[in-house]
Amino acid sequence: MGRESTSSWPLIDRIGLGLAWAAGLLLCLVASAIVIYMLVRGVQFLRPGLLFSHPQPELDQTKSGGFLDPLLGTFILTVLGTTLAILPGVSIAVWLSEYARPFWLARAVESGVEVVAGTPSIVLAIFGLIIFSQHLFAPFSFTAEGGAVFGRSFFAAGAMMALIALPLIVGATREALQAIPRHVREASYALGKTKAATIRRVLLPTARPGIATGTALGMGRIAGDTAIVVILLGASLQLSSQGSGPILSTLRGTGSTLTSYVYNNSPAGEGNAPEKAYAAAFVLLLIVITLNFAVDLISRRRSAPAWNT
Amino acid sequence: MSTKVAQPSPGLLDSLWETVSKPWTDKRAELVLGALACSVLVLIAGMVIFVFVKAWPSFSHNGLSWFGSGGNVDQQLDDIFNSTKTGHGYDYHLRAWPLLWGTILTTVGAVVLGLAVALFAAVFIVEFAPDWLRRVLDPVVRLLAAVPSVIYGLIGILVIVPFVGNHLISAGRKESVAYVVQLTGASLIVAVLILTVMITPIMLAIIVDALRSVPRGWTEGAAALGVNRWRVMWTISVRAARPAIVAAAVLATARALGEAIMLSMVSGSIGFAPNPLDGITFFFEPTRPLAATIVDRADALSAPPLGQTLYAFAAVLLVSAMFLSLAGWLAKQPLKKYGAGA
Amino acid sequence: MRTFRLTTVAVLALAALAMPAAALAKPTITLSGSTSVAPLAAKLAGAYVKHHKVRFKILQGGSDIGVNDVAHGRVTLGMSSRDPLPSDPGGLQFNRIARDGICVATNPGNPIANLSQEQIQGIFSGKVRSWSQVPGARIGGTIDLIVRNAASGTQDAFQNIFMGQNLRVAPSASQKPSNGRVQQSIASDRNAIGYVDFNFTRGLHTVPYKGVSCSLRNAKSGQYGGIRNFWLVSRGKAKGPAAAWIKWIRSAAARSIIASNWVPVK
């Protein structure tokens, strides 16, 4: 069956078609322009040495140091934020999809998750500053000589980043749980398992790819966020740990991430070293693209388990 | 002989283990999970309360004229900061209209532009794109959605702003507003364009989902009646997807409102209210939306009273974003009928 | 059960390792304030930690933010590039650590040979609006003014040294929150003119003031007119680690660090 030729269409419909094509091609154009430009600049300015040397607080930023610490900072923050978000995220998703009583509470929680998803990250950041500057939370950052709680540390930033990842994990897990057909649950009850045990032993393991998808999406968004880092991470170029004890001290200390590094080295910040900003931005883009690619892989592998055989 | 083995009384560790390892009753599981779920609501309530408590002095001092205009808002912010030096108590005088106007212009501009592009592109993806192009567009849209805002800002400030400043704005135009404001390339139009690129993928995903879940009987029936493909899409699918379009626009508005970093890099960093009566120059005038103002002045967050004024900005953003998110969630509810978008 | 017991013991042991370390914790000195003083403070801090058990955190924001923060106990020391003002909060002690200069700078495409004080006042107050009215300018068109915001000590110093008591900078001037941003703006705009700390002049053309070029040598010899003081501000007399650091800054070892890019005080 041949496709109708568009020459028989009225003019306005042809204009519409043309606009549709234009919009589609425009998207491709913009995306490839961004990728190609970052690729060119990244290759131009990225030297392997930059990835492995520490940033130095010199006046002339073009000659000093690389961005190892910001790279580590991105890694630490992403892992911390995702770890803090997984348990609450999965729990909320399970409650919403398996229990959800009373009904009005479930709707309230659902819209609550949407509200958190829609809150600007700058608002989350300054909310975090209020919370962590209280003396109650001093163990999560440190207290300066002079009495004020500093309020900025990896813990503080990680906690707020968890809020960014939370809605994504909740959404993906709920989708995965809702995709499991009812007869699976009914079979499990018929065999005498309680609802809690069914969730723990049957549903959650099946929903694992969905949880992984949500986690990877969350990691992508955390890695790309700048506002929370700029306000809550203390803006020290190098990882500067606080107190001691191996891991805890880094988390209580301050540092920077690739996003704040790019911001500070751009004309909007202090560093005035656009070459390094490009190099770091290129690395950041690669990380984010890889995470999204991982999401693709995971969701493709999770072709439906053979419930119907 | 009966041997009675004395059992040691259960230690702390043992009883802890008992509670954890015994299968949870449904009731306990439901309570625990429910409590965790309610913590989201507690968190939101906490956010609103804390931010408003910090922001209250600024609002109470100015009343409703906080939203009005009058005077140079940057000068007022400086005066607020300097008021800590005198012993006369803090001064909170502020007329935030230029910032609000800048926020409205950038947000509405980007959403309108983005909605147009997203709508046509969605129709293209669902109906008209050849298969190979459709397979390319999928990752393209996801890529655009995933690029961090600081990278958009970097390209904006290093490439687009100098281009606009040096090549698109003529010297004559700069002279025409010389004593009022300086025209560098960082301007309203750059901000709107980049913000559009950032929010279009969000709207696109929602609208594509909705277009795809229009019942096939409707589209095929129309085609059987001789309607051409464009008209089928436009008059039937797009019409049916109207709730999705509204939801997409609302959610994109929430996102555009909250964009701070990219806008602080390219929109001009001056609390100036662009004047539509200036004609074409209107597009080249700098401005600074609310979120960007908070980022630009973030050093003063812990210093009242300027800190409290910044919290007032955040309170406005928070309330707007909450309303928009709730509205978007409500708008998405009817979509569940078609099974589109959860 | 055994694994549970083992993991619990392991976690408690790890936590126990973390505790006694609190007793050995290094004190932290936090600074905030002038973007001009920050590079010097960072260099001095970097040299100091090599032999002393202290940690530093340096924030910025402008001299006024530093003075305000230290007056309220939010940071240990404030960095200020302007002299104490009568409107400053009470109870502060200003400790001078160096002297430094402000350069008037233009874009390299507009290398002006010299500017007198009257010319600078005319340009920055907005009386002179076009480059064609400035002798020695290589370009025409509007003058783009790049200045600092009100929290800046550099702005204070510029006002006092160059503008005098009666003239103010034009309200249409583009205000930037730091030296780095002013530097960037001037470097990317041919019509721009502004003022920066003289360690932020890379990529710019520095304009000689009253015939004397803006350089470290001329500042040290006292010939260049645009010199101001750098201060570390403490709440009351500096105590403990902060006092020890300030004392070290006044020693000979620190003087050589200061002399590399700034003017040491006698």
- Query: Restricting the search to segment C:193-203, which residues are within 13 Å of chain A (Cβ to nearest Cβ) and crowded, with 22+ Cβ neighbours inside 10 Å?
  - Reply: C:196, C:197, C:198, C:200
- Query: Only one residue in B:180, B:159 is surrounded by fewer than 23 Cβ atoms within 10 Å (Cβ to Cβ), more than 10 Å from chain A (Cβ to nearest Cβ) and of a type in the set (Val, Ile, Thr). Which one?
  - Reply: B:180
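Identify the residue in segment C:157-182 that is part of a helix (DSSP H, G or I) and at pLDDT 85 or above and, among all such residues, is surrounded by the fewest Cβ atoms within 10 Å (Cβ to Cβ).
Applying the first criterion (part of a helix (DSSP H, G or I)) to segment C:157-182 yields C:157-163, C:179-182.
So of that shortlist, the ones also at pLDDT 85 or above come out as C:157-163, C:182.
Details: C:157: 25, C:158: 24, C:159: 19, C:160: 13, C:161: 18, C:162: 20, C:163: 16, C:182: 27.
If we take residues in segment C:157-182 being part of a helix (DSSP H, G or I) and at pLDDT 85 or above, then C:160 is surrounded by the fewest Cβ atoms within 10 Å (Cβ to Cβ).
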- Return yes when residue C:146 is buried (at least 16 other Cβ atoms within 10 Å of the Cβ) and either within 14 Å of another protein chain (Cβ to nearest Cβ) or over 15 Å from residue C:196 (Cα atoms) (or both) and no when it is not. yes
- Scan (1) of a type in the set (S, T, N, Q); (2) in contact with a helix residue (DSSP H, G or I) (Cβ under 9 Å, 6 or more places away or on another chain); (3) at pLDDT below 80 for the single condition residue B:39 breaks and write down its number. (3)
- Extreme residue, farthest from residue B:102 (Cα to Cα), among residues of segment B:151-199 that are part of a loop (DSSP other than H, G, I, E, B) and small (Gly, Ala, Ser): B:170
- Here are some residues: C:219, C:242. Which one is of a type in the set (A, V, I, L, M, F, W, C), more than 13 Å from residue C:95 (Cα to Cα) and crowded, with 20+ Cβ neighbours inside 10 Å? C:219
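Within segment B:282-298, is even one residue over 18 Å from the mean Cα position of the chain (by Cα), within 20 Å of residue B:264 (Cβ to Cβ), modelled with pLDDT under 85 and within 14 Å of chain C (Cβ to nearest Cβ)?
Residues of segment B:282-298 over 18 Å from the mean Cα position of the chain (by Cα): B:282-286, B:297-298.
Those still in the list that are within 20 Å of residue B:264 (Cβ to Cβ) too: B:283-286, B:297-298.
With the extra rule that they be modelled with pLDDT under 85, the set shrinks to B:297-298.
If we keep only those that are within 14 Å of chain C (Cβ to nearest Cβ) as well, we get B:297-298.
Checking segment B:282-298: at least one residue is over 18 Å from the mean Cα position of the chain (by Cα), within 20 Å of residue B:264 (Cβ to Cβ), modelled with pLDDT under 85 and within 14 Å of chain C (Cβ to nearest Cβ).
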- Message: Report every pair of residues separated by at least 6 positions or lying on different chains whose Cβ atoms are under 7 Å apart, first residue within segment A:277-289 and within 10 Å of residue A:262 (Cα to Cα), second among the β-branched types (Val, Ile, Thr).
- Response: A:277/A:262; A:280/A:262; A:281/A:262; A:281/B:151; A:284/A:259; A:284/A:262; A:284/B:151
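Could you tell me which residue of segment C:212-260 is farthest from residue C:47 (Cα to Cα), considering only residues that are of a type in the set (Val, Ile, Thr) and within 14 Å of another protein chain (Cβ to nearest Cβ)?
Keep residues of segment C:212-260 that are of a type in the set (Val, Ile, Thr), which gives C:212, C:227, C:233, C:246, C:249, C:257-258.
Checking the rest, the ones that are also within 14 Å of another protein chain (Cβ to nearest Cβ) come to C:233, C:246, C:257-258.
Working: C:233: 20, C:246: 13, C:257: 9, C:258: 11 Å.
Among those residues, the one meeting the criterion is C:233.
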- Note on the structure: Counting only residues that are touching a residue at least 60 places away in the same chain (Cβ under 8 Å), at the interface with another protein chain (Cβ under 9 Å from one of its Cβ atoms) and either under 16 Å from residue A:281 (Cβ atoms) or among the aromatic types (Phe, Trp, Tyr) (or both), segment B:134-156 contains a total of 5
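Pick from B:275, B:228: which is away from chain A (no Cβ under 11 Å), out of contact with any Pro (no Cβ under 8 Å at 6 or more places or on another chain) and more than 19 Å from residue B:114 (Cα to Cα)? If you could, list the steps in order and put the result at the bottom.
Values: B:228 fails: away from chain A (no Cβ under 11 Å).
Only one candidate passes the filter, namely B:275.
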- Query: Counting residues that are at negative phi, more than 11 Å from chain B (Cβ to nearest Cβ) and crowded, with 20+ Cβ neighbours inside 10 Å, which helices (runs of 4 or more DSSP H) fully inside segment A:130-199 reach at least 2?
  - Reply: A:154-178
- Message: When you check residue B:268 against the structure, is it surrounded by fewer than 24 Cβ atoms within 10 Å (Cβ to Cβ) and out of contact with any Asp or Glu (no Cβ under 7 Å at 6 or more places or on another chain), yes or no?
- Response: no
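Of everything in segment A:14-48, what is at pLDDT below 85 and in contact with a Phe, Trp or Tyr (Cβ under 6 Å, 6 or more places away or on another chain)? Give them in sequence order. Break it down stepwise before answering.
Within segment A:14-48, the first condition is being at pLDDT below 85, and the residues that meet it are A:46-48.
The answer is A:46, and nothing else.
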- Query: Restricting attention to segment C:66-96, which residues are part of a loop (DSSP other than H, G, I, E, B), free of Cβ contacts under 8 Å to residues at least 40 places away in the same chain and among the charged types (D, E, K, R)?
  - Reply: C:88
- Looking for whichever is free of Cβ contacts under 8 Å to residues at least 60 places away in the same chain and at the interface with chain A (Cβ under 10 Å from one of its Cβ atoms) here; the options are B:120, B:128. Which one fits? B:120
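Here is a check on your reading of the model: is residue C:245 part of a helix (DSSP H, G or I) and over 18 Å from residue C:112 (Cβ atoms)? Write out each step before concluding.
Values: part of a helix (DSSP H, G or I): yes; over 18 Å from residue C:112 (Cβ atoms): yes.
Criteria met by residue C:245.
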- Item | Residues (touching a Leu at 6+ places or on another chain (Cβ under 7 Å), within 22 Å of residue B:322 (Cβ to Cβ) and more than 7 Å from chain B (Cβ to nearest Cβ)) located in segment A:87-123 | A:89, A:93, A:106, A:110
- Query: Restricting segment C:149-173 to residues that are touching a helix residue (DSSP H, G or I) at 6+ places or on another chain (Cβ under 8 Å) and small (Gly, Ala, Ser), which is nearest to the other protein chains (Cβ to nearest Cβ)?
  - Reply: C:150
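Give me a count of the residues in segment B:281-306 that are in contact (Cβ under 8 Å) with a residue 40 or more places away in the chain and over 29 Å from residue A:114 (Cβ atoms).
Here is the first cut: in segment B:281-306, the ones in contact (Cβ under 8 Å) with a residue 40 or more places away in the chain are B:281-291, B:293, B:297, B:300, B:303-306.
Next cut, over 29 Å from residue A:114 (Cβ atoms) only: B:281-287, B:297, B:300, B:303-306.
Number satisfying all stated conditions: 13.
Quick one: is residue B:268 in contact (Cβ under 8 Å) with a residue 60 or more places away in the chain, more than 11 Å from chain A (Cβ to nearest Cβ), of a type outside the set (Asp, Glu) and at positive phi? Explain how you work it out, then say what you get.
Values: in contact (Cβ under 8 Å) with a residue 60 or more places away in the chain: yes; more than 11 Å from chain A (Cβ to nearest Cβ): yes; of a type outside the set (Asp, Glu): yes; at positive phi: yes.
Yes: the conditions hold for residue B:268.
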- Query: Which residues, counting only those in segment A:200-237, are buried (at least 24 other Cβ atoms within 10 Å of the Cβ) and of a type in the set (S, T, N, Q)?
  - Reply: A:213, A:215, A:226
- Note on the structure: Inside segment A:84-108, the number of residues satisfying the requirement of being buried (at least 22 other Cβ atoms within 10 Å of the Cβ) and either over 14 Å from residue A:175 (Cα atoms) or β-branched (Val, Ile, Thr) (or both) is 4
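The values are calculated or read from the model by the stated rules, or taken from the named source; none is laboratory data. Being a predicted model, the structure only gives us computed values, none of them experimental. No Cβ is skipped: glycine too gets one built from the backbone with ideal geometry, and neighbour counts run over all protein chains shown.
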